[in-house]
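One structure is given below, encoded as structure tokens.
The values are calculated or read from the model by the stated rules, or taken from the named source; none is laboratory data. Predicted, not measured: the structure shown is a model, and the values here were computed from it. Note: ideal-geometry Cβ built from the backbone for every residue, glycine included; neighbour counts use all protein chains shown. SASA here: full protein model, heavy atoms, side chains in, ligands and nucleic acids out. Shrake-Rupley method; radii C 1.70, N 1.55, O 1.52, S 1.80 Å.
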Amino acid sequence: MAQLPNIKRSVVSSIQKKPEVLRNLSLCVAVALGASVAPNAYAQSADAFPECDASAYLTQGHLSRTYALDLQSGDYKVAADYHESRTLPQYAWTKKASLDALGFNPNDGYAYGWSQFHHAPVRMFNDFSIEPLNVATNGQKHFYVGDVSGPDNVLYLYNRSGKDSGLYAVDLDSSSSDYLSMKLIASRNQLKLDVQDFAVHPYNGLIYAVEANGTVIEVDPAAGTRTDLGKSEVYGNLGAAFFDGEGNLYVVRNYDGGVFRIGIDSGVYKGQYVATAPSATAHDGFRCATAPFSPQAIELSDFGDAPDTYGTYAKNNGAAHIVSGDNPLRMGKLVDSESDAYAHPLTDSTEGDDEDGVAFVSTLVGGQKARVVVNASDNGYLNGWMDSNRDGVFDASEHWITDQVVGEGDNSVTVVVPSDLIAGETWARFRLSSNQGLEATGVATDGEVEDYQVNLLSDKVSVSSYPSANGFSTVAFEDNWPFAGDYDMNDLVTKMRTRTYKNSSGITQVDIEGYITSVGAFYENGLAVRLPGVLRDSVDETNLEFEISDGDVVASPLEADRDEAIIIITDNVFKHVTPGESCDYYRSEYQCGADLEFKFRVSIPFKEPQSADLSGLFDPFLFATPGSFHGAHFVNPPGRSYEIHLKNQAPTEAFDYSLFSGVGQDASDPDSGKYFLSDSGMPWALEVGTDWNHPYEFVELSAAFPDFPAFATSNGSDNQDWYLEENAVTDLIFPE
Amino acid sequence: MTTKTIISGAAFTALSIMLTACGSSSSNSDEVELGAAFAQGQTGSAAETNYIALSNEELGTLAEVPETQTAALQVLDDFTFDTSRNMTVTMSIPEAAIVEAEATFCTDYSANGDGSFDINYDSCVLSAPLFGGELSEELNLVNQHDSVIGVVWFQDPSMQPMYQEYHFD
């Protein structure tokens, strides 16, 4: 298998910019190859893509966020957060709203593809919005494979299951009498393609792809035939395919984002590693196929992560530090080199967080001194800002560290926290450079910027973090209660950590944050956290803060009409995650890895200090999505009245206690305080107090973690660290 | 339900565990027992349940579940698989009775040999002020940690931090 090289966090030398003339090309200069005529330059429409640029556009996720990928460096940035439908508002989109089979049409400058929501081909405009086309689709609903043929001005689509499946062509020539007709041109049985995407050669009009077994194939759509060309040695689900103007095919592997070049015109079929793109459960993408491989040169810098109101993106003069050399000046061990920022809530930290050089070793209390430890790779000047009034900008008065000289290693810095702060979550920025006099924004010639989310306090409190300040615990569920499942403990897996703020009178606030890391289930489930012993009315809901990574928050997560304080993280995890192509589940099957799709954070202040015993992860639980099927053993979908908690944790007031009827393997006995345990004492939910790697799909816990049985049967006396990765069977656990 | 092959580990010897009678509830009977929609002792009648049948025999194939080693493990009813435990930490720092101070407790650290420590502050579990130079707190530590380091920071930046280690017995 073609393996990715051992990639360190990239520190890339500056790349000299190419002359500006290349950036302003509005025509694709094509060299005629074979008998086909090069595509015509299109009459520019105002809403078409303005130029045949060299970026490859990758779409991912159920609402299809699109990234612009530089094939040479692997650097990528968000081009569109989601694709606005010109016919439907966003809230009408469902979990199957992805865009696939995308291709760029050099004849008119639009991109075309298939919408799983509309069950129709769509046209994509230069703002990445889409519009379904009025095409008679012969009842076909789903296509995941496709591309536009420039020479033939058609959208090719391929599906391999269902009635009349096969290769279809949608005519995109507005001057043709067959415009927007969709015809089956070769059946599935004729071609038998095992591909997640294909690409059309920019000049000869033939279709090329790499099958999951590494075979490079050529499809002649006119003849309805396929030819096996050779072995690429690139294996796995290759969800996106592109061409460049030199006749090279590029494929992007879903589970690790590896980008490989296949020399179609040169006949060099063995895949050559090119770059690493974002990994995803499912990819698709498009590119102007006649654009040359070598894009305009870009100068890579380190950018901040704070929301763009603080000046983060390049277009807003964001804080940026040019990164060069093998050992650039930085804070901590890691530094990013990128063409633009990933402003919160986006993140580029999936392969290692470069916000690793600053530690807040004491709390930030108004009017008090606080201690910050900054690790510097070399001598430099440190500047810092704290948004103490939480207005979303770093004011001049909030420049709380000014040109402080720091040396190599740890530097203890004392700062005075303003007494007139506004308590709550805010952002702090640190910049290390050999440059003096830096502002909160703008470019520095070296060094690094690190942005942190911090909590400002108005009074002295103790702050407890579980499992630690920056660590995560893991909660893993089996969702087939009251029946025992396969004990692969990955039906729903979430990472969580909590923070508890306490003064002399009690707990004043709690924070919860986390992310979904696996959904190895067909049932639709929600995730929630109860605060044991806390009444809903005790929560200062006006000042409650809730953030999710993949969209806007439209309602308070505090469950309405309850006596208890219950936080609903989501009522359906499938709103936020997507199984990969050729995968049944999210991040539980072999080679079905992907970047994380759903993160959450909630801050819950109380009106008065609480005496409740809030510790650990409080009470996380799974519940059945209202209205969704949860097993034929139910007369009606149980919805919110169905919950699964950690063993011996009582359910909430929403639970239907009649479900404790002794059905299945459940041995709950509310009279004795026993809940959600089997007749052998085994649970349906486990908390593992660390960032845990769950077993692969269908691999039971005892097989993946051989120390677990003794831990369980000794009732915790033996093998207390059974969950550590060093004690796992590595081949049986899902890699993080 | 989809038929699937469950991968089990090698055969192991099951320990015979005598299941004890269920222990008493740990909750304070004087407090409002949030989380119990029904008063203790009350359960729903068969007529009220949402199940289509109330026995596995009646449910037939709907009640079929994979046979796994994990499901067969015998565990005490009141064992809750905790992977963390509590540690009580106390401090009595005379200097902190004169100058305000705050203590931070972290689990990932190493001694430098000169009385100071290298500390990974991402591993910290508690930051708390000292009152009158005194502190007493309970930490909830995951099982792989046997010790913590406590660091006392003074509001006077000229004062060096003080360190105190704690170990589980």
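A few remarks follow.
- The combined condition, being aromatic (Phe, Trp, Tyr), within 14 Å of chain B (Cβ to nearest Cβ) and either open to solvent by 40 Å² or more (accessible area, probe 1.4 Å) or not in a strand (DSSP E or B) (or both), is not fulfilled by residue A:452.
- For the range A:273-287, filtered to residues that are out of contact with any Lys or Arg (no Cβ under 7 Å at 6 or more places or on another chain) and aliphatic (A, V, I, L, M), the residue that is modelled with the highest pLDDT is A:275.
- From the options B:114, B:82, B:122, residue that is surrounded by fewer than 19 Cβ atoms within 10 Å (Cβ to Cβ) and within 21 Å of residue B:157 (Cβ to Cβ): B:114
- Qualifying strands (runs of 3 or more DSSP E) (wholly inside the range A:557-630; at least 3 residues being open to solvent by 20 Å² or more (accessible area, probe 1.4 Å) and either out of contact with any helix residue (DSSP H, G or I) (no Cβ under 7 Å at 6 or more places or on another chain) or closer than 30 Å to residue A:255 by Cβ (or both)): A:599-610
Residues are listed down the side, and each one gets a yes or a no for (1) closer than 26 Å to residue A:386 by Cβ; (2) at pLDDT below 95:
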residue	(1), (2)
A:453	yes, yes
A:460	yes, yes
A:470	yes, yes
A:477	no, no
A:482	no, no
A:489	no, no
A:492	no, no
A:499	yes, no
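- If you check A:127, A:164, A:173 for being assigned to a loop (DSSP other than H, G, I, E, B), touching a Gly at 6+ places or on another chain (Cβ under 9 Å) and of a type in the set (Asp, Glu), only one passes: A:164.
- Of the residues making up the range B:90-140, those that are in a loop (DSSP other than H, G, I, E, B) and out of contact with any helix residue (DSSP H, G or I) (no Cβ under 9 Å at 6 or more places or on another chain) number 10.
- Between A:667, A:703, the distinction of being facing chain B (nearest Cβ under 7 Å), at pLDDT 95 or above and either under 30 Å from residue A:592 (Cβ atoms) or open to solvent by 10 Å² or more (accessible area, probe 1.4 Å) (or both) belongs to A:703 only.
- Summed over the range B:63-78, the residues that are free of Cβ contacts under 8 Å to residues at least 12 places away in the same chain and out of contact with any helix residue (DSSP H, G or I) (no Cβ under 8 Å at 6 or more places or on another chain) give a count of 1.
- Some residue of the range A:377-397 being in contact (Cβ under 8 Å) with a residue 60 or more places away in the chain, farther than 19 Å from residue A:454 by Cα and surrounded by 16 or more Cβ atoms within 10 Å (Cβ to Cβ): yes
- Being facing chain B (nearest Cβ under 7 Å) and within 29 Å of residue A:560 (Cα to Cα) is a property that residue A:651 has.
- Those residues of the range B:145-164 which are within 21 Å of the chain's Cα centre (by Cα) and either in contact (Cβ under 8 Å) with a residue 40 or more places away in the chain or surrounded by fewer than 16 Cβ atoms within 10 Å (Cβ to Cβ) (or both), in sequence order: B:146, B:147, B:148, B:149, B:150
- Qualifying residue in the range B:56-78 (condition: in contact with a Ser or Thr (Cβ under 7 Å, 6 or more places away or on another chain), modelled with pLDDT under 85 and assigned to a loop (DSSP other than H, G, I, E, B)): no
- With a requirement of 3 or more residues that are touching a Lys or Arg at 6+ places or on another chain (Cβ under 8 Å), within 21 Å of residue A:356 (Cβ to Cβ) and within 14 Å of another protein chain (Cβ to nearest Cβ), the strands (runs of 3 or more DSSP E) lying completely within the range A:374-416 that satisfy it span A:409-416.
- Residue ID - surrounded by the fewest Cβ atoms within 10 Å (Cβ to Cβ), chosen from residues in the range A:469-500 that are among the aromatic types (Phe, Trp, Tyr) and facing chain B (nearest Cβ under 10 Å): A:483
- Residue match in the range A:221-230 (condition: crowded, with 24+ Cβ neighbours inside 10 Å and in contact with a Leu (Cβ under 7 Å, 6 or more places away or on another chain)): no
- Residue within the range A:615-626 that is more than 10 Å from chain B (Cβ to nearest Cβ), of a type outside the set (Gly, Ala, Ser) and farther than 17 Å from residue A:685 by Cα present: yes
- Some residue of the range B:124-137 being facing chain A (nearest Cβ under 9 Å), of a type in the set (S, T, N, Q) and free of Cβ contacts under 8 Å to residues at least 40 places away in the same chain: yes
- Residue list for the range A:172-202, filter: surrounded by 21 or more Cβ atoms within 10 Å (Cβ to Cβ) and more than 35 Å from the chain's Cα centre (by Cα): A:186
- Test: residue in the range B:148-168 that is modelled with pLDDT under 90, out of contact with any helix residue (DSSP H, G or I) (no Cβ under 8 Å at 6 or more places or on another chain) and in a strand (DSSP E or B): no
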